[in-house]
Amino acid sequence: MDNAASPSQAPHRAGFACFVGRPNAGKSTLTNALVGTKVAITSNRPQTTRHTVRGIVHRPDAQLVLVDTPGLHKPRTLLGERLNDVVRTTWAEVDVIGFCLPADQKLGPGDRFIAGELASIKKTPKIAIVTKTDLVDSKTLAEQLIAIQRLGEELGIKWAEIVPVSAVGDKQVSLLADLIAPMLPESPPLYPEGDLTDEPEQVMVAELIREAALEGVRDELPHSIAVVVEEMLPREDRPKDKPLLDIHANVYIERPSQKGIIIGPKGARLKEVGMKSRKHIEALLGTPVYLDLHVKVAKDWQRDPKQLRKLGF
């Protein structure tokens, strides 16, 4: 069978790209902006992403599968070590690597550490993506672009492109997709038209609940929260035009003292978490939802291999 495209028509391309960068560099927000909908949870809390979420960008000429990895960091727990392993495994398997560097922060040791790791990956094209450009003036942005160019020269990284973007302001996001597409291998689409992610719905629902739970706990519980959706079942005896999905989920924390923080005075915080996440879950699933949340203690789960397995890591 001859798959060759006619001379007038460029061949269709499809492949995987991943965004790397230190925690909170804007990777998840950029993934959501490119896909056009929320497939990765975002938070101003570093290390928010724990699963490699694949967001799928459909274009006439290409299908771009975005792998959103956790931020590479110096691990202090077994969970941290496992997250770093996930990042390195992903790097080895993708067609393009996008290194996200926020425009509003000078290059630091964390950026250099990641750039050093990237320098050892020789064949994969690397794009330096300057994120959050809406937060800086043109002079600061120019300085950051020069600093990134120099960092590449210093470490022997030849950037395929250096692209400033603002996912929030939707500036140059489509340009980034235009630049990545030709770097992908010639291939028919890897996923059906209309698919936006290959994450199981239960995992995405758990992530949306965790995102809502992370909001407002400031520095008290940055990494101690895990969520497991125990079941998702359509409510029986409902008329076809008024369906209801029952979702039962547990929010896990590491110590009994953290329970009060999550639940809040007279249960107000947990109620807020339920309301916020339910809105996003209903938008994701396109159906009304009854959300039943419980808070449980899984002692020091980030350091316990058995607990990590149970919680899906």
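Every condition in (1) β-branched (Val, Ile, Thr); (2) modelled with pLDDT under 95; (3) under 18 Å from VAL67 (Cβ atoms) is met by VAL168 except one, and the failing one is (3).
In the set (1) part of a loop (DSSP other than H, G, I, E, B); (2) modelled with pLDDT of 90 or more; (3) not small (Gly, Ala, Ser), PRO46 fails one condition alone, (2). Each residue in region 148-192 was checked for being among the small types (Gly, Ala, Ser) and over 19 Å from ILE97 (Cβ atoms), and 3 of them qualify. Taken over region 93-116, the criterion of being in a helix (DSSP H, G or I) and more than 20 Å from the chain's Cα centre (by Cα) is satisfied by PRO109, ARG112, PHE113, GLY116.
Rundown of residues vs (1) under 30 Å from LEU190 (Cβ atoms); (2) out of contact with any helix residue (DSSP H, G or I) (no Cβ under 6 Å at 6 or more places or on another chain); (3) modelled with pLDDT under 90; (4) surrounded by 13 or more Cβ atoms within 10 Å (Cβ to Cβ), yes/no style:
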{"site": "THR77", "(1), (2), (3), (4)": "no, no, yes, yes"}
{"site": "ASP85", "(1), (2), (3), (4)": "yes, yes, yes, no"}
{"site": "TRP91", "(1), (2), (3), (4)": "yes, yes, yes, yes"}
{"site": "GLY98", "(1), (2), (3), (4)": "yes, yes, no, yes"}
{"site": "ASP104", "(1), (2), (3), (4)": "no, no, no, yes"}
{"site": "LEU107", "(1), (2), (3), (4)": "no, no, no, yes"}
{"site": "ASP111", "(1), (2), (3), (4)": "no, yes, no, yes"}
{"site": "ALA119", "(1), (2), (3), (4)": "yes, no, no, yes"}
{"site": "ILE127", "(1), (2), (3), (4)": "yes, yes, no, yes"}
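All told, ARG303 meets the bar of being farther than 15 Å from ILE209 by Cα and touching a residue at least 60 places away in the same chain (Cβ under 8 Å). Every condition in (1) in contact with a strand residue (DSSP E or B) (Cβ under 6 Å, 6 or more places away or on another chain); (2) modelled with pLDDT under 90; (3) surrounded by 18 or more Cβ atoms within 10 Å (Cβ to Cβ) holds for LEU190 except the one numbered (3).
Of all positions in region 59-74, at least one carries a residue that is surrounded by fewer than 19 Cβ atoms within 10 Å (Cβ to Cβ) and modelled with pLDDT under 90. Annotation: of all residues in region 5-17 being at pLDDT 90 or above and surrounded by fewer than 24 Cβ atoms within 10 Å (Cβ to Cβ), the one that is farthest from VAL165 (Cα to Cα) is PRO11. Once region 290-313 is narrowed to residues that are modelled with pLDDT of 85 or more and under 24 Å from the mean Cα position of the chain (by Cα), the residue that is nearest to TYR252 (Cα to Cα) is LEU293.
The values are calculated or read from the model by the stated rules, or taken from the named source; none is laboratory data. As the structure is a computational prediction, the values presented were derived from the model and not from experiment. Because the Cβ atoms are built from the backbone with ideal geometry, glycine has one as well, and the counts that use them run over all protein chains shown.
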